[in-house]
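Written below as structure tokens is the structure these notes are about.
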């Protein structure tokens, strides 16, 4: 269901500034299925907004599972505006798409979450490993092909109602790329950091039959490549959904918030 | 007020295991004024335990000020036992000394906090830069001399009632040591990471007249050395105290919890 409109291919989303892209999103003008390659070199975030009474448990969950859940900003109940990493962004409108959940079930996708927003929502912005794509490309590691989001058999460390399996991004890389990517992503501890595993998918119970993006099983791996696995920011969203949270708004699938942070900033803002 | 007892000098605290040291602390058997150089190579933590109703604000404060406040474990209300980084440690007894605060004022120091503990306390364990001493020593950087804990004029980013100035550790190093120490501590983002400043103390408003440890002003710096400043885990304790928290128990001054984590582990547990 590619929604690309007529002249969309002309637009250089990669070179847009984060502020321009957030304004475009607010106006409902971005219709691609993913924010990958948008505003290259800037940190992208998954968003999870849930009721304040669950916020401490969720934040403790993120602390216990820092690799998949690097929290980059928390916006308190009563506010829906980023102050630190996407200054002035309205978190109800400035992403391309939102998912609304009721009692853990998807109630719908909306391009504007204002009518659904509640004053008791605490909002978490969580770094995504899409953020490292430009750095990997600069180092000669391809990021376009052979990328799959998979559930594993690794249990996260629970907190309150939040528990469930780790979700990973698997990439098939050449051995040389695998070494470079391991070193390079290790420099970004607040964007999932180094791989959590290299090699046999079965060793971590990666579910190759049911990738979380797309509908088809993972095809056979081409000869000479190595599977490399990074913790993925789809973990906190999947965990919050599985917890059956009474009400929750998240970023839409594969569509993140583009922050003002440069990915090359190794440290926290 | 050195409290060293007779044969204390004989004991090799540096080579003790964290579990042995925690047992010794529980028995009230450690009487030195600092845990520096204890269980060398293991991560040391400051502890802050405060009422659950303030825990989310405090955790958001720590997230917004990750450099001085790297949270390594959170223990929920109702528990007083570490599970992740000092497995089985009783956080009411397994530190050498505790500070008890009421309405932001120090009510006393106690070697055993059991009679003061409350079931509504949420406990935060926060990495200390003492943890990097062994790695610095291995790299030829001295850590014994020229070390001062100072208030600065840099304001932390507030959350709820928590606000106030950043506290730093200043070390005077040779230029060569400064370069090595900057590179090396940058590898430990969950133990305050790289320096926040190098050079003129006045540029960050460092208060050389009133160091937070000891009673005397900082003496003149010997020629040829460079001041290097790291965010310090005394920040969260000072901030929580300044917030006038109704009730709080913290680790005693310069006396941390010794965790099981190896300092050489770059990543989160």
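The values are calculated or read from the model by the stated rules, or taken from the named source; none is laboratory data. This one's a predicted model, so the numbers in the text were calculated from it and none came from an experiment. In this analysis, Cβ positions are derived from the backbone assuming ideal geometry, glycine residues included, and neighbour counts consider all displayed protein chains.
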Could you list, in sequence order, all residues of the stretch B:214-254 that are under 14 Å from the mean Cα position of the chain (by Cα), under 15 Å from residue B:49 (Cα atoms) and assigned to a loop (DSSP other than H, G, I, E, B)? B:233, B:252, B:253
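Every residue, every condition in (1) within 14 Å of another protein chain (Cβ to nearest Cβ); (2) modelled with pLDDT under 95; (3) within 18 Å of the chain's Cα centre (by Cα), yes or no:
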position: B:66; (1), (2), (3): yes, yes, yes
position: B:71; (1), (2), (3): yes, no, yes
position: B:76; (1), (2), (3): yes, no, no
position: B:81; (1), (2), (3): no, no, no
position: B:97; (1), (2), (3): no, no, yes
position: B:100; (1), (2), (3): no, no, yes
So which residues in the stretch A:191-213 are in a strand (DSSP E or B) and either exposed (fewer than 13 other Cβ atoms within 10 Å of the Cβ) or within 14 Å of another protein chain (Cβ to nearest Cβ) (or both), if there are any at all? A:197
Which listed residue is under 17 Å from the mean Cα position of the chain (by Cα) and under 22 Å from residue B:68 (Cβ atoms), from B:127, B:104: B:127
Being modelled with pLDDT of 90 or more and buried (at least 20 other Cβ atoms within 10 Å of the Cβ) is the filter here, so list the residues in the stretch B:255-269 that pass it. B:255, B:256, B:257, B:258, B:259, B:261
Working carefully through the options B:125, B:91, B:121, B:136, find the one that is surrounded by 14 or more Cβ atoms within 10 Å (Cβ to Cβ), in contact (Cβ under 8 Å) with a residue 12 or more places away in the chain, under 25 Å from residue B:242 (Cα atoms) and more than 14 Å from chain A (Cβ to nearest Cβ). B:91
Does at least one position in the stretch A:49-63 carry a residue that is touching a helix residue (DSSP H, G or I) at 6+ places or on another chain (Cβ under 6 Å), more than 9 Å from every other protein chain (Cβ to nearest Cβ), on the phi < 0 side of the Ramachandran plot and surrounded by fewer than 24 Cβ atoms within 10 Å (Cβ to Cβ)? no
Output the residues belonging to the stretch A:167-190 that are closer than 19 Å to residue A:157 by Cα, touching a strand residue (DSSP E or B) at 6+ places or on another chain (Cβ under 8 Å) and within 14 Å of chain B (Cβ to nearest Cβ). A:190
Among the residues that make up the stretch B:42-60, is at least one of them over 30 Å from residue B:158 (Cβ atoms) and not assigned by TED's automatic domain parsing to the domain that holds residue B:162? yes
Kindly indicate the residue of the stretch A:107-118 that is surrounded by fewer than 16 Cβ atoms within 10 Å (Cβ to Cβ) and either in a strand (DSSP E or B) or within 14 Å of chain B (Cβ to nearest Cβ) (or both) and also nearest to the chain's Cα centre (by Cα) among those meeting that condition. A:109
Among A:78, A:29, which is the only one that is without any contact (Cβ under 8 Å) to a residue 24 or more places away in the chain, assigned to a loop (DSSP other than H, G, I, E, B) and either crowded, with 22+ Cβ neighbours inside 10 Å or not assigned by TED's automatic domain parsing to the domain that holds residue A:214 (or both)? A:29
Hey, can you tell me all the residues within the stretch B:155-184 that are touching a helix residue (DSSP H, G or I) at 6+ places or on another chain (Cβ under 9 Å) and surrounded by fewer than 19 Cβ atoms within 10 Å (Cβ to Cβ)? B:157, B:158, B:160, B:161, B:163, B:164, B:180, B:184
